[in-house]
Amino acid sequence: MHLRPKTIFAVLALLAMSSSLAQSADESEQLKIAALEALMSAPPERALPLVTKVLNSNNSNDVKSRALFVLSQIDLPEAQAQLLDVARSGDGELRGEAIRMVGIGGNAEALAGLADLYSSGDEDVREAVLEAYLIAGDTGAVFQIAANANDAEEFGAAVEMLGIMGAQDALRRLRERSNFSEILIEAFAISGDAETLRELALDGSNPETQARAIEALGIVGGESVNATLVEIYQSTDSDAVREAALDGMLISGHDEGVLELYRASDDVREKRELLEALTVIGSDLVLDVIDEALVGDR
Amino acid sequence: MNEDTLILYYYNDGLSDRERRQVETAINADTTVAAQYETLCRQLSELSDAEDQPVPSHTLRRWHDSIDQAARQNQPGQKKPAGPFNLFSFAWGAAITAALAIGISIGVYMTGNDSNTPAPIIEVADVSTVVPASFTRGIKVHLQDTQQELASLPLDASADRIMLILQIIEQNRFFERAAEHNNSQNLARVLRAFEPILLRLAADDIAPEDAEALRAQLAFELNVMLTKLSRDTSNETQST
């Protein structure tokens, strides 16, 4: 097989790895990293044994971490299995990196192997596994972690991750299965699930939950959500709900809605609050309102 | 109508629902805009062809400008008030807080997941397993640009550094979505994996040596991906 000069360079450099060259440790390390970079130009079956050698030799964690990334890009099942091995047996720093690489590799078997690691791992391992699932886009695995969580903290971390992944269906299923939690509202907002939040925002059975959901609608934002917030503000008799709706408009930056409410109000105290809200939003519309207030015609 | 807006409309990216409707109305009501959009669709469709035609540099430039515009739309001064709602307990802690505080919201990230319809150009991926050559070239340009931007990144805790990183993140998300739609799940995963590192790099309390280590890691991973892409392209050329 014809090897390109880059590959030859890489192989030579790798062979030189265990020998004591008259180089500084830093230069030697840089050379190894450069060799690993170039190794990607070799066919996978040629690259794999060389990367394995780097991982099994007495190299620094920096060099081994780079080798793990190269391993994640070798499209052979053995490479993915090896990543999982390091994830299981490596030391702290290397283990975290190997878990990330399993996520990047995206191999279904290796990803499934992370579940055991999560169960038996410490906080760092658990965080790394969740991040690996995020990278791999494996919402099913994160859902399982949330559904089987042993405590609120574990549940919260998984639910937040589902929010970041935009896994609206999984979050809705969790809402049905678990005790309702404030963290779920945040996740609905992060995932952009206006529909579920609107449902919660219009449900007055739990005022605290309702207020949270209304505020969270502001995070989702958008024309339809803004209209809902104005509608909630106008139709409620509850001060807390009205305040939450105004907070929602503040969060979404819905200055036109606030202006509409300002102009519709005859209550001086309420007008003052709405004017303050416009100022906080930083809206140019506030100048119109100030002008009107100073002239005194509205 | 501004061509950048039409490009964003075409890719179903970076425009709010209201802005999309405005563009839609303009296309339906104004024959000039309709013709302009038709021409643009033709040009952008050509980009998705698997045939090995070079991407016109002006198109690439425009593409990047569009991304820049989308990034600018999420910068401070565009009224993104912070509310009392506590969202800031993500896995990436302080880093993502910094990112959110200056205007990049997770909502933007999720645009691709809950937006109305998939971008038309990248539907190619749903009917074929071929990765369009134009996409591969585009991703190479993105990786090279990211390399250069990271190399020139100031490592002191300045607002410029944070803004630059957030801009890289925006571009990265754009290409990550494009990768998903263009049958490049591996690339999408790699690009997604860059984001937590970029967010850590954006943290304003990061020590210079830690920032340098993260930058070196990204530089390495970008190089490896560029080498891999070149290898794959070269193999395809040799086998045809």
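Bear in mind these aren't lab numbers, they're just calculated from the coordinates by the rules spelled out. On a predicted model such as this, the values are computed, not experimentally measured, just so you know. Neighbour counts run over all protein chains shown; Cβ positions are idealised from the backbone, glycine included.
What to note about this one:
- Top of A:S224, A:S119, A:S65 by mean-square fluctuation, Gaussian network on chain A, Cα under 10 Å: A:S224
- Gaussian network model of chain A, Cα within-10 Å springs - most flexible of A:M161, A:M249, A:M40: A:M40
- Angle in degrees between helix A:77-89 and the longest Cα principal axis of chain A, rounded to the nearest 10: 80
- Basic side chains Lys and Arg get +1 at the Cβ, acidic Asp and Glu get -1 at the Cβ, and with that the dipole of chain A about its Cα centre reaches some 1880 debye.
- Förster radius 45 Å - calculated FRET efficiency between A:S205 and B:M163, Cβ distance, rounded to 0.05: 0.50
- Contact order normalised by residue count of the stretch A:75-218, Cα under 8 Å, 6+ apart, percent: 14
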